[in-house]
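Engineer: One structure follows; several queries about it will come next.
The values are calculated or read from the model by the stated rules, or taken from the named source; none is laboratory data. All figures in this text were calculated on a predicted structure; none of them were measured in a lab. Counting neighbours? That spans all protein chains shown, and the Cβs are built from the backbone with ideal geometry, glycine included.
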């Protein structure tokens, strides 16, 4: 099925307008999460070994909490879209169960690109092999970026999520590439630009609200894109 990004954008916006109360609830949680861990990280003294370990701990804890909130919201989106009873407690329980493997899948997908990019920078950008590694790492990320969401939305296994997304990406890299630009690169650019005004408390609050709003919209967008892009019967065709 062809992917109409304009329609996905409109459907995502309509969903948010129709679910204002739930959206505001998760927006508030994400803002609190952002401000809390930003405050904790800013309070760490990086001049000591203990400070370095504390910084790493807070960073990992922040990532875990953020992922849990994202999966909680994603579970609610799924319940509502499937016209099931959308209970916050049920969605939270499901999110808690799925968070560890969701994080592991994200780590595995990002790792090749991260290692390749680090190698490229370490070599001063002059290594052709390092550049090729960056391109391959980027390609793998684009091809598999939906796997963590597939694991959650399909309630599947680790390997089944990777396989389903990989098979669906065969000869369909362009939609995945555009999706990656819209959901990963564009929000990153916006966030980096907003970071310039986060030096004061009012600025930090503004940035936290905008970042949370972007996260919520991109998550709804991701769900809509996934439903259109993924052929759930493709595994049978390759058996």
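Engineer: So, in region 49-81, exactly how many residues are under 16 Å from residue 150 (Cα atoms) and without any contact (Cβ under 8 Å) to a residue 24 or more places away in the chain?
Structural biologist: Going through region 49-81 one residue at a time, the tally reaches 1.
Engineer: Which condition number in (1) touching a residue at least 12 places away in the same chain (Cβ under 8 Å); (2) more than 17 Å from residue 26 (Cβ to Cβ); (3) part of a helix (DSSP H, G or I) is the one that residue 44 fails?
Structural biologist: Single failed check for residue 44: (3).
Engineer: Output yes when any residue across region 70-82 is surrounded by 13 or more Cβ atoms within 10 Å (Cβ to Cβ), part of a loop (DSSP other than H, G, I, E, B) and at pLDDT below 95, and no when none is. Spell out how you get there, then give the answer.
Structural biologist: Narrowing region 70-82 to residues surrounded by 13 or more Cβ atoms within 10 Å (Cβ to Cβ): 70-81.
Among the residues that remain, those that are also part of a loop (DSSP other than H, G, I, E, B) are: none.
No, region 70-82 has no match at all.
Engineer: Scan region 157-178 residue by residue and report those that are surrounded by fewer than 17 Cβ atoms within 10 Å (Cβ to Cβ) and not in a helix (DSSP H, G or I).
Structural biologist: 157, 170, 171, 172
Engineer: Given the conditions (1) within 20 Å of residue 150 (Cβ to Cβ); (2) modelled with pLDDT of 90 or more, which single one is not true for residue 32?
Structural biologist: (1)
Engineer: Here is a follow-up. Give me a count of the residues in region 1-17 that are loosely packed, with under 11 Cβ neighbours inside 10 Å and over 24 Å from residue 168 (Cα atoms).
Structural biologist: Narrowing region 1-17 to residues loosely packed, with under 11 Cβ neighbours inside 10 Å: 1-2, 6, 17.
Still in the running and over 24 Å from residue 168 (Cα atoms): 17.
Residues that pass the stated criteria total 1.
Engineer: In the set 205, 216, which member is surrounded by 19 or more Cβ atoms within 10 Å (Cβ to Cβ), in contact with a helix residue (DSSP H, G or I) (Cβ under 8 Å, 6 or more places away or on another chain) and assigned to a helix (DSSP H, G or I)? Before the answer, list the steps.
Structural biologist: Values: 205 fails: surrounded by 19 or more Cβ atoms within 10 Å (Cβ to Cβ).
Exactly one of 205, 216 is surrounded by 19 or more Cβ atoms within 10 Å (Cβ to Cβ), in contact with a helix residue (DSSP H, G or I) (Cβ under 8 Å, 6 or more places away or on another chain) and assigned to a helix (DSSP H, G or I), namely 216.
Engineer: Exactly one of these conditions fails for residue 44: (1) modelled with pLDDT under 85; (2) surrounded by 16 or more Cβ atoms within 10 Å (Cβ to Cβ); (3) closer than 22 Å to residue 226 by Cα. Give me its number.
Structural biologist: (3)
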